[in-house]
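This report refers to the structure that appears directly beneath it.
Read-outs throughout are calculated quantities, based only on the coordinates presented, and are distinct from any laboratory measurement. The model shown is predicted, which means the values in this text are computed figures rather than measured ones. Heads up, the Cβs are rebuilt from the backbone with ideal geometry, glycines too, and the neighbour counts pull from every protein chain shown.
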Amino acid sequence: MLNEEGQEIVLELMRYFPKTIRDELLHDRDFRVRNGLRSVGDINFPGSSVPFSRNETLGAVGRVFREGSTPEKVLDKTGAEWEARWDSGRGYPVMVKGELEIPLQGLWFVAIDDTTRRAMLDRMFSENRAVGREFDHWRAVLTAGPVDYDDIEQLHDDMEKTPTQNVFGIRSGLSNGSSHPDTLVPRGLAYYERLVGSAKDADTVTAFAAGPAKAHVAELLQWNAGAGLKQALLLGSQASLVPSLPDGLDRAVLERVVNWAAAYGDRISQLSAFELGLRHLPEYPALAVDLVSIAEQIRDDDPDDPEGRLLLLSNLFVFVDAGVAHGGDLRDVPPYWRRLASLAQASVIEREFILAGLRAGDTESWVRSGRGTPFYLQNSIDGRKEPRWLPDFANPHQWKRELVSRIIGAAERNPAAIDGTPLEPILKSREKGSLVDQFEFPFSYLPGPLEGGLDLMVDAPAEIQEAVGESLSVSPLEQTAFNALVNTCLVFRTPVELAQQAAEVIKNAKYRIRENVESGQHFAMLSGLATVAAVTRSRDLAREVRVLTRIALLRGDDNINPVQSFRICLIAANGFEDIREWRAFLGEWVTELAFGDLEKAQALNLHGMIEALCALEPALWATLSRAEAALSSFISVKASAQ
């Protein structure tokens with residue numbers, strides 16, 4: 001800590017900075033402590049438009065915050081006199097002036113009386129499941145004595161980063177029509193670990209389900225059976241993460257939570273509740289009514305409804321995951337875990353939308369506010385580690401297929417539980433529009449957001465591998481020759497030999513492929529082959545896809561332009577698992593595009609995506625800087641020519 005002379009020097013130097021910078025420095029606790037500075041300010045209370053002197057007011061509140069304390073006089077900034085006193089009936093102090101009254105229960109942390117403060121500490125931390133390193137620190141501080149007034153804002157910030165307090169913040173923001181981005185998408189890894197459990201060393205969703213997820217659910221149920229189970233349902237974006245119930249759990253808890261999910265739950269929690277409830281249906285037949293309701297809601301979801309729940313889920317997922325990616329706090333966690341955290345937070349917001357009766361269409365502006373690009377690029381970057389899930393899958397139609405597939409899968413795993421119950425007609429009907437009728441190959445078999453890794457894949461049956469190989473042997477080579485390979489590569493583990501065979505076929509045909517007359521098929525073929533290269537880690541096929549795309553660009557093929565080529569590049573690059581090879585391949589292809597024949601709009605688009613890509617993955621500057629410089633120069637020349 002600086003001596004008095006040093007403090008004066010710091011204060012004098014700060015006068016040369018703008019007020020915004022001075023305020024930011026004084027907000028930084030480490031800066032204040034290091035330089036021996038203390039802040040002096042005012043405090044405002046809800047229900048009063050007049051400020052109070054912070055230190056004097058909190059001192060008085062701290063002294064009266066106990067049973068039997070002596071009332072104290074407090075002056076507001078107008079000189080008006082208030083009385084701070086303990087209210088025995090409520091169990092906390094209030095501040096009174098005439099008929100005006102300000103409740104002060106939220107200031108328990110300034111209480112001087114150790115017994116009162118510690119009791120409130122235990123209660124507040126228990127109610128909010130305030131766990132983690134930050135709260136270990138606060139528990140030690142508040143057990144020893146009242147909080148330092150300069151640390152109150154930090155304590156508030158940390159408390160807001162518990163799931164229970166975050167819900168209150170979201171609810172308040174939505175009701176006021178002005179939600180803060182940091183409330184909707186909280187910053188910091190600790191919040192999301194409290195929400196879905198720490199990933200620890202689990203690099204795959206399989207490992208996470210087997211260890212950390214089970215431990216997290218057990219802790220939630222031990223904390224609060226009802227609230228804990230509602231939070232545990234948020235993990236259900238992958239079937240293996242649907243919580244299991246411990247022996248001895250009160251039957252009424254399960255019935256209440258499933259009933260709540262059917263009436264007010266987000267779609268992910270409804271899916272979890274359905275799968276969980278189906279396991280216990282023989283024991284608790286009363287669950288059938290709510291399970292039928294959930295199944296019917298998912299059956300009747302319309303992916304084209306501009307006010308539908310599928311659009312709401314899709315938009316919120318994109319909004320949250322883009323915000324998390326942009327913040328960079330979860331950059332070092334596995335992609336599946338970040339998506340789990342993002343989907344859980346999106347579902348928390350969805351619950352509040354349902355409770356408040358808000359429109360799904362209101363989220364369209366959220367996605368359009370610059371969130372779509374970082375979402376797309378971050379999930380494309382993730383493909384190097386988990387290549388099976390593509391950001392294009394985050395749309396209402398694919399969510400519909402995912403939810404229907406999960407419902408049918410749960411029914412197939414529990415056939416005896418369904419027979420003779422009200423669920424049997426809805427789950428087994430094959431009428432038009434039924435759940436079974438909505439199941440479509442291969443889309444209903446595509447991986448979900450947490451299934452981008454290669455650990456969950458099953459080997460393709462021998463007959464499918466044989467059919468794929470035969471289709472690649474057709475001469476002359478047509479686009480349809482790759483359909484079987486592309487359609488199965490995300491469903492089954494495709495042998496790398498088949499990808500290599502495709503690469504050889506393309507090369508031997510001298511890159512001449514008979515086109516399909518349908519518009520848009522060329523892009524579908526190229527992006528499909530890029531996906532095959534990614535999931536099989538076939539670097540040879542990735543290189544051949546680059547050549548094919550270059551030829552399509554030079555020929556001016558319909559549906560293939562530099563921006564589409566960039567999208568194909570992002571997918572194909574994931575054939576290179578090694579990060580250095582990945583960066584090099586991506587850099588070479590994008591640099592080639594940057595120096596190619598471009599329109600101004602295309603150059604602007606590419607330049608923006610390169611900047612966003614490098615912001616998300618700074619190491620890419622090493623291979624993309626030439627492309628960025630070329631595009632900047634081109635855009636500048638075009639602008640000056642106008």
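Excluding residues on the same chain fewer than 8 positions from Lys638, give the lysines whose Cα lies under 29 Å from its Cα.
The reachable lysines, counting only those whose Cα sits under 29 Å from Lys638, are Lys600.
Which value in Å is the Kirkwood Rh of the range 229-341 over different Cα pairs?
Hydrodynamic radius (Kirkwood, Cα only) of the range 229-341 equals 15.4 Å.
State, to one decimal in nm², a quarter of the convex hull surface area for the C-alpha atoms of the range 290-338, i.e. the direction-averaged projected area.
4.8
Taking 0.36 nm per residue of separation and subtracting the Cα-Cα distance, what length does fully extending Asn395 through Ala80 add?
The span from Asn395 to Ala80 would gain 107.6 nm if fully extended.
Taking the simple approach of a point 7 Å from Cα along Cα-to-Cβ for both Asp201 and Asn3, what is their distance in nm?
Reported label-point gap for Asp201 and Asn3 is 5.1 nm.
Tell me, what is the FRET efficiency for Ile579 and Ala524 to the nearest 0.05, using R0 = 35 angstrom and their Cβ-Cβ distance as r?
So the FRET efficiency works out to roughly 0.75.
Mind checking which lysines have their C-alpha under 20 Å from Lys400, skipping anything on the same chain fewer than 8 residues away?
Of all the lysines, those that pass the test against Lys400 - Cα under 20 Å, at least 8 places apart if same chain - are Lys428, Lys432.
Compute the Rg/Rh shape ratio of the range 34-142: radius of gyration over Kirkwood radius, all on alpha-carbon atoms.
For the range 34-142, the value is 1.00.
What number results when the radius of gyration of the chain, computed over Cα atoms, is divided by 2.2 N^0.38 Å?
Relative to the rule-of-thumb radius for its length, the chain sits at 1.14.
Which stretch or stretches of the range 184-214 have amide N atoms under 18 Å from the point lying 7 Å from Asn176's Cα along the Cα→Cβ direction?
Once the point is set 7 Å along Cα→Cβ of Asn176, 184-187 turn out to lie under 18 Å by backbone N, inside the range 184-214.
So for the range 311-415, averaging the separation of alpha carbon pairs under 8 Å that are six or more residues apart and normalising by length, what relative contact order in percent results?
Once normalised by length, the contact order is 39 percent.
For the range 545-642, evaluate the Debye formula with one uniform point scatterer on each Cα (no solvent term) and list log10 I(q)/I(0) at q = 0.16, 0.17, 0.19 Å⁻¹, rounded to two decimals.
Rounded to two decimals, the profile gives -0.65, -0.73, -0.90.
In straight Cα distance, which aspartates and glutamates are under 14 Å from Lys510, not counting same-chain residues fewer than 8 positions off?
Within reach: Glu478, Glu544.
So for the pair Ser48, Phe595, with labels modelled 7 Å out along Cα→Cβ, what separation do we get in nm?
7.0
Taking the Cα-to-Cβ direction at Ala467 and at Phe441 and moving 7 Å from each Cα, how far apart do the two end points lie in nm?
Reported label-point gap for Ala467 and Phe441 is 0.6 nm.
Given Cα pairs under 8 Å that are at least 6 residues apart, what percent is the relative contact order of the chain?
8
At a temperature of 4 °C and a viscosity of 1.567 mPa s, determine how fast the range 223-276 diffuses translationally according to Stokes-Einstein, using the Kirkwood radius over alpha-carbon pairs as Rh; express D in µm²/s, rounded to the nearest whole number.
Rounded to a whole number, D works out at 119 µm²/s.
Take every Cα-Cα distance within the range 102-174, group them into 10 Å bins from 0 onward, and report for each bin the whole-number percent of pairs it holds.
18, 55, 24, 3
How large is Rg over Rh for the range 379-427, taking Rg from the Cα atoms and Rh as the Kirkwood inverse mean of 1/r across Cα pairs?
That ratio is 1.22, to two decimals.
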